[in-house]
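The values are calculated or read from the model by the stated rules, or taken from the named source; none is laboratory data. Remember, it's a predicted structure, so these values are computed and weren't measured experimentally. Using ideal geometry, Cβ is built from the backbone for each residue, glycine included, and neighbour counts are taken over all protein chains shown. These area figures cover heavy atoms from the full protein model, side chains too; ligands, DNA and RNA do not enter into them. Shrake-Rupley method; radii C 1.70, N 1.55, O 1.52, S 1.80 Å.
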Amino acid sequence: VARGDAGTVAGHVEELGRISPKARGAYVALARLTADRALAAGLLKPDDASRLLDALAERGSEGKQP
């Protein structure tokens, strides 16, 4: 998350949605906090943060938008 790798994060969210929706929720919550902290510390560029937040947006139970 702190590196801004939205593709990897999106893959994690999708896979967790398939195998453990509860774990997915925890991952998303922690990833959002990490993105906020990294952005505030100047470690994450705003454009990268935007892509990360898109990857972390609420989605259906299988990781796909309704």
Quiz item: Of everything in segment 33-54 that's over 17 Å from GLY7 (Cβ atoms) and assigned to a helix (DSSP H, G or I), which residue is most open to solvent (accessible area, probe 1.4 Å)?
Solution: ARG37
Quiz prompt | Output for segment 13-29, where each listed residue is surrounded by 11 or more Cβ atoms within 10 Å (Cβ to Cβ) and charged (D, E, K, R) | solution = GLU14, GLU15, ARG18, ARG24
Quiz item: Does segment 55-62 include one or more residues that are more than 14 Å from the chain's Cα centre (by Cα), open to solvent by 40 Å² or more (accessible area, probe 1.4 Å), at negative phi and modelled with pLDDT under 95?
Solution: yes
